[in-house]
Amino acid sequence: MKVALLALLVAAVLAGCGGSDDPDAVGSCTIEPGAQCSGADLTGADLDGADLSAADLTNANLTDANLHGANLSSSNLSGSQIVDADLSDADLSRANLADATITGTDLDGTIFCGTTRTDGTIDDSTCPVTSETVTATDSD
């Protein structure tokens, strides 16, 4: 009996008890640059500071998601539901938000630079100021 119980316990541990072996996954969506998460249900996900640059999040549900400080640059969020979410300090540079639903969402400090708005227009309202210094040199 003890041997059978021990074998069952070892099998459960090796199988992961049905949990995910990838701590950076939410459901079937692996949280990484270039993620392919079209239609993903990320409701209530804690993605604070996540790098989802160039991710496909078309038609994703991001209701109540925490995306504070997340990198969503060049991501496709078209048709997504972004309701009561936290996108404060997130980078949405060159992101596509066409036809997305955005309501009740914290956008304080969010970077919009080359971002396609929900209505299809381009938003450059918060493009970072470059710190390039041009020094003219007179060689004559």
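The values are calculated or read from the model by the stated rules, or taken from the named source; none is laboratory data. Worth saying up front: this structure is predicted, and the values here are computed from it rather than measured. Areas reflect the complete protein model, heavy atoms only, side chains present, ligands, DNA and RNA absent. Shrake-Rupley method; radii C 1.70, N 1.55, O 1.52, S 1.80 Å.
A few comments on the model shown:
- Relative pair counts by distance (%), Cα atoms of the range 25-140, 10 Å bins: 16, 49, 21, 6, 5, 3, 0
- Across Asp124, Asp51, Asp91, the residue with the most accessible area heads the list, and the full order at a 1.4 Å probe is Asp124, Asp51, Asp91.
- Accessible surface calculations at 1.4 Å, restricted to protein heavy atoms, place the range 51-132 at 45 Å² per residue.
- Per-residue HN-Hα couplings for the range 28-36 [Karplus 6.51, -1.76, 1.60; θ = phi - 60°; Hz; x = Gly/Pro]: 8, 9, 7, 7, 6, x, x, 3, 9
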